[in-house]
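> Mind looking over this structure? Questions follow.
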Amino acid sequence: MSKTLVGIEITEASVQVVEISKGDEPTILAAGEVALPPGVAKDSEIIDPQAVALAIRQLWQQCKVRSRHAVLGIGSRRVFVRDHTIPKLDRKHIRAALPFQVDGVLPLPVDQAVLDFFPLHEDDEHFHGLLVAAVSDNVEALVATLRDAKVTASSVDLIPLGLSRVATRLTAPDETVAMVYVGYHTTYVVIHSHGIPDLVRIISIDLTSGETAAPSAAFDEPAELADLLRDDTAPTTIQQTVPQTLDTSAVADLVSRIRSTLEFYIAKPDALPIDRVLLSGGGVLQSETRQTLAAALGLPSEVVTVGDVAASKIELENDLPIVLVSTLGLALGGGRR
């Protein structure tokens with residue numbers, strides 16, 4: 001049995017990995033990303049399996065990942081997440097009952113979907129939680145691509161649930177926060193309240209303008225963030241995504257959708273006030289995006305890095321401490337039963 005836990009994520013721009021030690025206080029043992037050629041993948045979807053498998057093999061070799069088993073993260077416009085209630089059953093019977101319960105509810109036929117249910121609350125007769133449905137062909141292609149790279153998907157996990165695990169380690173038990181991971185192509189919003197993900201939204205907006213910025217452009221004001229991310233001693237063998245020049249109209253659209261998501265949550269009868277916003281992902285590297293988000297949301301906000309969540313035995317270069325927050329969340333869930 002492996003003594004480590006691994007999370008892997010396939011985005012449109014790269015494949016990302018984080019390997020941690022097992023235990024209550026995990027340590028990052030290996031981490032990094034390898035850039036993908038344009039057009040070989042979309043977020044959590046494979047277009048060119050051979051090219052992605054090659055990148056995964058390079059990733060394992062360059063980062064010196066020990067385990068060949070990994071938690072595979074999914075999250076895209078083709079992953080369906082909604083609140084759901086199911087009678088109290090054991091996990092085996094819940095899985096068997098789901099296809100009959102959700103037939104006609106999903107935007108795709110049940111026989112073409114991979115279904116899962118994550119219980120969050122319970123009463124005397126029911127579990128209340130999140131229904132997750134993904135296109136089965138997409139999931140099978142992801143798993144097969146990992147297999148071609150000599151990596152076994154020990155489980156498939158929803159990326160926002162990994163972000164909720166990160167939030168658990170950064171918040172008080174009675175706190176309600178918005179965990180916002182701004183990716184260049186897909187953004188995740190998780191309202192994490194009293195230790196559970198109370199709302200999940202996946203927003204697919206391409207923020208890139210088609211241009212790349214010089215690395216120094218990502219490390220603008222505030223200076224504290226630049227100092228945190230800049231590391232001239234980092235290993236040069238681990239590739240990373242070059243910071244992107246963001247499209248201002250796309251950023252404005254995204255900020256509007258994030259704001260409406262928070263407003264929707266706050267309007268719920270049982271909702272608690274949101275105390276603060278935790279930001280991560282490559283899209284918040286530039287100060288203009290952070291400032292726009294903070295002004296629009298009207299809540300205290302702070303940038304989260306992997307170093308805020310776990311100790312590390314390796315040095316992470318440039319943008320990786322922020323970009324790999326979601327992948328770390330996947331690894332944190334690797335030991336769940």
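The values are calculated or read from the model by the stated rules, or taken from the named source; none is laboratory data. As the structure is a computational prediction, the values presented were derived from the model and not from experiment. When we count neighbours, we look across all protein chains shown, and the Cβ atoms used for this are built from the backbone with ideal geometry, even at glycine.
> Please verify whether segment 265-277 includes one or more residues that are in contact with a helix residue (DSSP H, G or I) (Cβ under 8 Å, 6 or more places away or on another chain), under 24 Å from residue 158 (Cβ atoms), β-branched (Val, Ile, Thr) and surrounded by 15 or more Cβ atoms within 10 Å (Cβ to Cβ).
First, the residues of segment 265-277 that are in contact with a helix residue (DSSP H, G or I) (Cβ under 8 Å, 6 or more places away or on another chain): 271, 273-274, 277.
From what is left, the residues that are under 24 Å from residue 158 (Cβ atoms) are 271, 274, 277.
Filter again for β-branched (Val, Ile, Thr), leaving 274, 277.
Right, trim to surrounded by 15 or more Cβ atoms within 10 Å (Cβ to Cβ) and you get 274, 277.
Yes, there is a match, as at least one residue in segment 265-277 is in contact with a helix residue (DSSP H, G or I) (Cβ under 8 Å, 6 or more places away or on another chain), under 24 Å from residue 158 (Cβ atoms), β-branched (Val, Ile, Thr) and surrounded by 15 or more Cβ atoms within 10 Å (Cβ to Cβ).
> Something else now. Of all residues in segment 4-42, count the ones that are assigned to a loop (DSSP other than H, G, I, E, B) and free of Cβ contacts under 8 Å to residues at least 40 places away in the same chain.
If we filter segment 4-42 for residues that are assigned to a loop (DSSP other than H, G, I, E, B), which is where we start, we get 11-13, 22-26, 36-40.
Narrowing the set further to residues that are free of Cβ contacts under 8 Å to residues at least 40 places away in the same chain leaves 23-24, 36-40.
Of the residues in that region, 7 qualify.
> I've got another one for you. Residues in segment 128-145: is at least one touching a helix residue (DSSP H, G or I) at 6+ places or on another chain (Cβ under 6 Å), without any contact (Cβ under 8 Å) to a residue 40 or more places away in the chain and closer than 23 Å to residue 86 by Cα? Lay out the reasoning, then the answer.
In the first step, residues of segment 128-145 are kept if they are touching a helix residue (DSSP H, G or I) at 6+ places or on another chain (Cβ under 6 Å); the result is 136, 145.
Cutting the leftovers down to without any contact (Cβ under 8 Å) to a residue 40 or more places away in the chain gives us 136.
Keeping just the survivors that are closer than 23 Å to residue 86 by Cα gives 136.
The answer is yes; a qualifying residue exists.
> Continuing with the same structure: I'd like the full set of residues that are touching a residue at least 60 places away in the same chain (Cβ under 8 Å) and farther than 10 Å from residue 259 by Cα, limited to segment 289-298.
Answer for segment 289-298, where residues must be touching a residue at least 60 places away in the same chain (Cβ under 8 Å) and farther than 10 Å from residue 259 by Cα: just 289.
> Can I ask one more? List every residue pair whose Cβ atoms sit under 7 Å apart, with the two residues 6 or more apart in sequence or on different chains, where the first one lies in segment 260-288 and is closer than 16 Å to residue 189 by Cα and the second, anywhere, is of a type in the set (Phe, Trp, Tyr) and part of a loop (DSSP other than H, G, I, E, B).
282/184; 283/184
> Against the definition (over 17 Å from the mean Cα position of the chain (by Cα), of a type in the set (A, V, I, L, M) and modelled with pLDDT under 90), how does residue 146 come out, yes or no?
no
Residue by residue, here is whether (1) assigned to a strand (DSSP E or B); (2) among the charged types (D, E, K, R); (3) surrounded by fewer than 21 Cβ atoms within 10 Å (Cβ to Cβ); (4) modelled with pLDDT under 95 holds:
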residue	(1), (2), (3), (4)
180	yes, no, no, no
184	no, no, no, yes
220	no, yes, yes, yes
236	no, no, yes, yes
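> For segment 53-60, does any single residue satisfy the condition of being outside any strand (DSSP E or B) and aromatic (Phe, Trp, Tyr)?
Yes, segment 53-60 has at least one match.
> Considering every residue within segment 284-293, establish whether at least one is touching a Ser or Thr at 6+ places or on another chain (Cβ under 8 Å), crowded, with 22+ Cβ neighbours inside 10 Å and over 17 Å from residue 199 (Cα atoms).
yes
> Would you confirm whether any residue within segment 307-324 is assigned to a helix (DSSP H, G or I) and of a type in the set (Ser, Thr, Tyr)?
no
> Related question: So which residues in segment 294-313 are in contact with a Lys or Arg (Cβ under 9 Å, 6 or more places away or on another chain) and either aliphatic (A, V, I, L, M) or within 23 Å of residue 75 (Cβ to Cβ) (or both)? Walk me through it before giving the result.
If we filter segment 294-313 for residues that are in contact with a Lys or Arg (Cβ under 9 Å, 6 or more places away or on another chain), which is where we start, we get 296-303, 308-310.
Correct list: 296, 297, 299, 301, 302, 303, 308, 309, 310.
> Right, next: Just name the residue that is surrounded by the most Cβ atoms within 10 Å (Cβ to Cβ) out of those in segment 100-134 that are aromatic (Phe, Trp, Tyr) and in contact with a Gly (Cβ under 8 Å, 6 or more places away or on another chain). Quick ask: steps written out before the conclusion?
Residues of segment 100-134 aromatic (Phe, Trp, Tyr): 100, 117-118, 127.
Next, from what is left, pick out any that are in contact with a Gly (Cβ under 8 Å, 6 or more places away or on another chain): 117-118.
Values: 117: 22, 118: 18.
Looking at residues that are aromatic (Phe, Trp, Tyr) and in contact with a Gly (Cβ under 8 Å, 6 or more places away or on another chain), I get 117.
> Going by the structure shown, is residue 148 out of contact with any Ser or Thr (no Cβ under 7 Å at 6 or more places or on another chain), in contact (Cβ under 8 Å) with a residue 40 or more places away in the chain and acidic (Asp, Glu)?
yes
> On the given criteria, is residue 107 part of a helix (DSSP H, G or I) and more than 30 Å from residue 273 (Cα to Cα)?
Answer is no for this residue.
> Against the condition out of contact with any Pro (no Cβ under 8 Å at 6 or more places or on another chain) and at pLDDT 95 or above, how does residue 205 come out, does it pass?
So residue 205 fails the test.
> Examine segment 197-206 for a residue that is assigned to a loop (DSSP other than H, G, I, E, B), buried (at least 18 other Cβ atoms within 10 Å of the Cβ), under 16 Å from the mean Cα position of the chain (by Cα) and β-branched (Val, Ile, Thr), and state whether such a residue exists.
yes
> Out of segment 289-306, which residues are more than 18 Å from residue 186 (Cβ to Cβ) and in a loop (DSSP other than H, G, I, E, B)?
The answer is 298, 299, 300, 305.
> Another question, if that's okay. Would you call residue 92 closer than 27 Å to residue 323 by Cα, surrounded by fewer than 21 Cβ atoms within 10 Å (Cβ to Cβ) and modelled with pLDDT under 90?
no
> Right, residue 114: touching a residue at least 40 places away in the same chain (Cβ under 8 Å) and assigned to a strand (DSSP E or B) or not?
yes
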